[in-house]
Amino acid sequence: MASAALAHSHAPEHAHYTSTGLNSNKIAIWAFIGSECFFFASLISTYLIYKGRSIVGPFPHEACNPPVCATALKPILNIPVTSTSTFVLLMSSLAMVLAHSAVVRGDRKYSKIWLAMTALLGSTFLGFQAYEFTSFVHEGLKITTNLFGSSFFVLTGFHGAHVTAGVLWLMTLLFIDIRRGLAPRDAINVDCCALYWHFVDVVWIAIFTLVYLIK
Amino acid sequence: MATTVAAPRHAVGPARYESGIWSWLATTDHKRIGQLYLYTALAWFLIGGFEAEIIRTQLYGPNGRLVSFETYNQLFTMHGTTMIFMVVMPLSAAFFNYLIPLQIGARDVAFPRLNAFSYWVFLAGSLFMNVSWLFRAAPDAGWFGYAPLTTPPYAPGPNIDFWLIGLQILGLSSLAAGFNFLTTIINLRAPGMNLMRMPIFTWMSFVTQFLLVLAFPIITVAVTFLMFDRFFGTNFYEVAAGADPLLWQHLFWLFGHPEVYILILPAFGLVSEVLPVFSRKPLFGYPVMVYSGILIAFLGFGVWAHHMFAVGMGPIADSIFSITTMLIGIPTGVKIFNWLGTMWGGSLRFTTAMKFGIALVGLFTIGGISGVMHSSPPSDLQQTDSYFIVAHFHYVLFGGSLMGLFAGLYFFYPKITGRLMDERLGSWHFWLTFIGMNLTFFPMHFLGLDGMPRRIASYDANQGWDMNNHIATIGAYILGAATLIFFYNWFRSMRRGPVAGNDPWGAATLEWTISSPPPVYNFATVPTVTSRYPLWDMKSAQPAAAPRPAQPAGRVPTAEELGIPMPTPTVKPFVAALGLTIAFTGLISHKNLPILFLGAATFVATLYSWLLTPLEPEH
C-alpha cells in the first residue's frame, strides 16, 4: 500500500527515479529530525546542567523559604496538570497514525476527522502550556528570574514552537483535504508530517521525564 | 556579480542560460547557484584578506598604531569569521553545488529551490554581519565570541548583536544546504553508483553534510541563549545568577571542532580527485580513504574540550580529550600516506592544480603535527593563546583547506568556464602563495614559543619579536600579491584561455564525460555506472578510436529538444530569504516589532506559495 502510494506520488521535487526507491522528502525529513535531536539535546543538557544552580527561587521541585526568597514559595511544577497535557499529546500521535492510515486507504471522511483531531489535540497541549506559563509567571517565575526560569522557558518554549509549527502543518493538510481531497498518492506528504509530529511527541516524553518527573 | 559570470563566448550552441540579473535571482540550477557561491566567496576572500593585511601591517614593528585597538579587535574578529563562514565554507559549498550532481550523474540536487534559498540566506547573513562596518560597530570578541565576555555588561554595543544574528542566519543556510545534499547523495545517484563507487569528493562531501547537520544545531542553541540573554534578559551566561562560565565554551567547541572538519574534509576530497588524475593512477586505498574520512568525522565530536585545557577541567577530562585528540591523528595520517601512495610510482604531471594538491599534503602535515603537539595538555598550556596556535591553525586552514580549494579551482575551472586557466600565471600564483604562506606563518611558531600572545593589537620592542613579525608581514604582502595574480588569471583566462573540451585532464569521473560548461540538464541520458572510474573504463574500451571523448560536434541540444523537464525559474527562494533577513533586522533594531512581523509574514507567505507550487510545469 505504502509503496503504491510512493510510486504514484506526484509530489513535485522527486517524481523521478531515486537510488533508494524512497521518497526524497522523507529522507530530508529524517535528516532534519537527526539535526533536531542535537538541537533539543543541547537545550535539555543545559537545563540539566543548570538544575539546582539557581540562586533565587522559585525552584522546580523544592519549596523556597526566606531568606533565600522574599516570601515562601511552593515548588512550581504542577505534575498532575502536565501529566494530563502529556497524555493529550500522546493521544494526538495516535490520531496522527489514524489520519495517515485513512489517507493511505483513500478514506476521505476519516482522513479529515483524524487530521482535525490531531490538530485539536496539539492545540489543547498548547493551551495547557499557555496556562502553565501564565500561572508560573503569576507565582513569580519569569524567564529572567533565575537559571531555572531561563532554561525552563526556553526549552519548553522551543518545544511549544515546534508543536505550533506542527499544528499549522496539520491544518494546512486538513485545508487541502477539504478543498480537493487527499488521495493515496498524497500519503507521502501526510507521512512526512506524521514523522515530524511523532518526533515532537518523543521529545516531549524526554522533557516530561527529565524536567518534571525526575526530582 | 551576474555580469562577471556570463557564459564564455565560445559556448557551443545558443546561450544556454537566459541572461540578465532576473535569471540569476530566479535560478534553481545547481551549476549557477554553485557559481553564485563561488564568486561571493571569492569576493569575501578579498575582503577577509584585506583585513589580514591591515593586521599584519599593524604588527610589522613594535608599537604599531595604524589602527586603534578597538578597530584591531574588530579586524581580527571579522577576519576569522569571514574566512571561516564566508570563504572556506561557501567555497566548499560552491563545489558541493557544482560537482555533487555531476559526479553522481544527477540532473540537479534533490530540492533545487531549497538550494537557491540556502545561497540567498548565506548572502544575506554575510552582508548582515559586514554591514556592521558601516556603523563602526563590527563584531569585536573573536570568531568564537566567548560568553560571558559577549554578554551586555562586557559588550554593551550592537557589535555582538550583528555577530550573533549574522551567525544565526549563516547557520540556517548551512543547515538547509546540509539536508539538501544529504538527500541528494543518498537518493539521486545514477543507476549502478553504489556508495563505494562514489567519487571520493562526493564521499567527503557526504561526510561533511553529516557534520553540518549535526554540529550546527548546537551553535544555534548557544547563540540563541546569547540572543535571549542580550535581548530578553535571561541568565544563561550571567555568572552572578549562578551560570557556568564554561557553558558557552562547551557548546561552542562542541560545534567548533566538528566545524574544523567541515572546513577541511571537502578540501581533502578535492585533492583526492586531483592527485590520482595527475599521477595517472587510481586513488590508493579508496576504501580506507572513505573509512578514515568517516572516522575523522565521528571522532571529531569527541575532542572539543582540547580547546579548553587551560580552563582547568581536571586531570580526567584533560586525559580523555588528550587521548581522543591523539587518536584523530591516526585516520588523518592514513590519508596523508594514501596520497603519497597514490603518487608513488605514478607518471606525475605538475600542473598548477597538482602543485596545490601536493602543497596540501606537505603543509597540512606540518599543521597536523603541531596539532598533535598541543593535544598534550602540559604542552598545550605553554602554547595556548600564543602565536603558536595561530601558526597551527593557519597551516591547517590555509595550508590545508585553502590549498585544497585552490587545487579544486584550477582543476575544475575548465569544467565551469569551458576554458583552461593560464598555467604560467598559475605557477606564479602557486609559488608566491607557497613562499608567502610559509614566510607568514612559519615564524609564528617561534613567536608563540617566545611568548607572543594572540589577539594583541601592539607589542613593545626588545622582546625578541621584531624580526619574526617583520618576516610574517612581508610574507603576508607576498600572499596578497599572489592573490591578485590569481584573480587576474581567473578573469583573463575566461576570455583568452584555450578551449578546454570535455576532459582536458584525462580524468575518470562522470562530470568529465559531458561538455564544458555542462548543459543545463547535465546528462542527456542518465548514465549507468559500473565502476569507480567510468570515464577511464570508456577510454580503455575504445583506446584507438577515441582516446578522449571528442568535443560534441555542433551544438548541445536544449532541454526542450530532448524533452527533459526543467524546474520553472522562481524568485520565491530569494523573497523568502529576504523576508527572513528583514525579520532579523527587526530584531536587531531595538526589537522593532512591526519590521519583525513584516519579515516573518513575508517569509511564511512566500514559503506557502513556494511549497504549494510544483517544481516543474505540470505535464
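Every number here is computed from the coordinates shown, using simple stated rules; none is lab data. Everything numeric in this text was worked out from a predicted model, so none of it was measured. Positions of Cβ are backbone-derived with ideal geometry, glycine not excepted, and every protein chain shown enters the neighbour counts.
On a full-extension model of 0.36 nm per residue, what is the gain between B:Tyr146 and B:Thr530, subtracting their alpha-carbon distance, rounded to one decimal in nm? Walk me through the numbers before you get to the answer.
Values: separation 384, 0.36 × 384 = 138.24 nm, distance 5.07 nm.
Between B:Tyr146 and B:Thr530, full extension yields an extra 133.2 nm.
From zero outward in steps of 10 Å, how is the percent of C-alpha pairs of the range B:570-619 spread across the bins?
30, 41, 20, 8, 2
In terms of modelled amide H atoms, which long-range or inter-chain residues lie less than 5 Å from the amide H of B:Arg419?
B:Ala500
Tell me which residues come under 5 Å, amide H to amide H, from A:Leu73 once H is placed; ignore anything under 5 positions away on its chain.
So A:Leu73 has HN proximity to A:Cys64, A:Asn65.
Residues with amide H under 5 Å of B:Ser386's amide H, sequence separation 5 or more or different chain, H placed in the peptide plane at 1.01 Å from N; which?
It is B:Arg454, by chain and number.
Figure the gain on full extension for B:Met538 and B:Leu593 (residue separation times 0.36 nm, minus the Cα-Cα span) and round it to one decimal in nm.
That works out to 13.7 nm of additional length.
Taking each residue of B:207-220 in turn, how many C-beta atoms of other protein chains fall within 10 Å of its C-beta, and what is the average?
Partner-chain Cβ atoms within 10 Å, mean over residues of B:207-220: 3.
Return the sequence-ordered ³J(HN,Hα) values of the range A:140-148 in whole Hz as given by the Karplus equation 6.51 cos²θ - 1.76 cosθ + 1.60 applied to θ = phi - 60°, using x for Gly and Pro.
Ordered by residue, 3J(HN,Hα) equals x, 10, 10, 5, 9, 5, 7, 4, 4 Hz.
Can you tell me the FRET efficiency between A:Thr144 and B:Ala317 if r is taken as the Cβ-Cβ distance and R0 is 35 Å, rounded to the nearest 0.05?
Efficiency for this residue pair is about 0.65.
Going by how many other Cβ atoms sit within 10 Å of their own, how do B:Lys335, A:Lys142, A:Lys109 line up, fewest first?
Ordered by Cβ neighbours within 10 Å, fewest first: A:Lys109, A:Lys142, B:Lys335.
With +1 on each Lys and Arg Cβ and -1 on each Asp and Glu Cβ, how big is the dipole of chain B about its Cα centre, in debye rounded to the nearest 20?
1720 debye
Rounded to whole Hz and in sequence order, give me ³J(HN,Hα) for the range B:261-277 from the Karplus expression 6.51 cos²θ - 1.76 cosθ + 1.60, θ = phi - 60°, writing x for Gly and Pro.
Here the 3J(HN,Hα) series is 7, 4, 6, 9, 4, x, 5, 4, x, 4, 5, 5, 7, 6, 4, x, 5 Hz.
With a point put 7 Å past each Cα toward its Cβ, work out how far B:Ser68 is from A:Cys69 in nm, to one decimal.
About 4.7 nm, to one decimal.
Give the calculated FRET efficiency between B:Thr613 and B:Asp450 to the nearest 0.05, with a Förster radius of 51 Å applied to their Cβ-Cβ distance.
After rounding to 0.05, the efficiency reads 0.25.
Rounded to the nearest 0.05, what FRET efficiency do A:Tyr110 and A:Thr209 give with R0 = 41 Å and r taken as the Cβ-Cβ distance? Could you check?
0.80
Given a cut-off of under 8 Å on Cα pairs at least six residues apart, what relative contact order in percent is computed for the range A:2-213?
Contact order relative to length: 30 percent.
Using 0.36 nm per residue of separation minus the Cα-Cα distance, give me the extension gain between B:Tyr488 and B:Val571 in nm, one decimal.
So the extension gain works out to 26.6 nm.
Kindly state, as a whole number, the per residue volume in cubic angstrom of the convex hull around the alpha carbon atoms of the protein assembly as shown.
Working: hull volume 136.8 nm³, N = 834.
Convex hull of Cα atoms, per residue: 164 Å³.
What 222 nm value per residue comes from the helices of chain B, counting each DSSP H run with n ≥ 4 as -39,500 (n - 2.57) and dividing by all residues, nearest 500 deg cm²/dmol?
Values: 20 runs with 380 residues, N = 619.
Theoretical 222 nm ellipticity from helices: -21000 deg cm²/dmol.
From Cα pairs below 8 angstrom and at least 6 apart in sequence, can you work out the relative contact order of chain B, rounded to a whole percent?
Relative contact order of chain B: 18 percent.
How many angstrom separate the Cα center of the range B:303-325 from the Cα center of the range A:50-85?
Centre-to-centre (Cα) distance: 35 Å.
Sorted from fewest to most neighbouring beta carbons within 10 Å, what does the list B:His306, A:His162, B:His470 look like? Before the final figure, lay out the partial values.
On the way: B:His306 23, A:His162 19, B:His470 14.
Least crowded to most crowded, the residues run B:His470, A:His162, B:His306.
Placing +1 at every Lys and Arg Cβ and -1 at every Asp and Glu Cβ, with all other atoms neutral, what dipole size does the range A:2-213 have around its Cα centre, in debye to the nearest 20?
260 debye
How big, on average over all directions, is the shadow cast by the Cα convex hull of the range A:2-213, in nm²?
Mean projected area of the Cα convex hull: 12.5 nm².
Among B:Met494, A:Ala187, B:Ala541, which residue has its Cα furthest toward the positive end of the charge dipole of the protein assembly as shown, with +1 on Lys/Arg Cβ and -1 on Asp/Glu Cβ?
Toward the positive end, the furthest listed residue is B:Ala541.
May I ask you to list the trypsin sites (Lys or Arg not before Pro) in the range B:64-159 that are in a DSSP loop and have at most 16 other Cβ atoms within 10 Å of their Cβ?
Numbers: sites: B:Arg65, B:Arg107, B:Arg113, B:Arg136; in loops: B:Arg65, B:Arg107, B:Arg136.
Qualifying residues, ordered by number: B:Arg65, B:Arg136.
Compute the relative contact order of the range A:45-169 as a whole-number percentage, counting only Cα pairs closer than 8 Å that sit 6 or more residues apart in sequence.
With pairs under 8 Å counted, the relative contact order is 29 percent.
Determine which lysines satisfy two conditions relative to A:Lys74: a Cα distance under 26 Å, and not lying fewer than 8 residues away in the same chain.
Once the sequence-local lysines are set aside, what remains near A:Lys74 is A:Lys51, A:Lys142, A:Lys215.
By count of other Cβ within 10 Å, fewest leading, how are B:Tyr237, B:Tyr146 ordered?
Arranged by neighbour count, lowest to highest, B:Tyr237, B:Tyr146 become B:Tyr146, B:Tyr237.
Pairing the Cα long axis of helix B:286-299 with the longest principal axis of chain B, what angle in degrees results, from 0 to 90 and rounded to the nearest 10?
30 degrees
Compute the helix-to-body angle for A:79-104: its Cα long axis versus the longest principal axis of chain A, expressed 0 to 90° and rounded to tens.
10 degrees
Using the 4.7 Å Cβ rule, please list in number order the cysteines from chain A without any candidate partner.
Those would be A:Cys37, A:Cys192, A:Cys193, since no other cysteine Cβ in chain A comes under 4.7 Å of theirs.
I'd like the Karplus ³J(HN,Hα) series for the range B:181-191: coefficients 6.51, -1.76, 1.60, θ = phi - 60°, whole numbers in Hz, and an x wherever there's a Gly or Pro.
Those phi angles translate into 6, 4, 4, 4, 6, 5, 10, 10, 5, 4, x Hz.
Report, largest value first, the span of the C-alpha coordinates of chain B along each principal axis, in whole Å.
Sorted from largest, the Cα extents of chain B read 73, 61, 45 Å.
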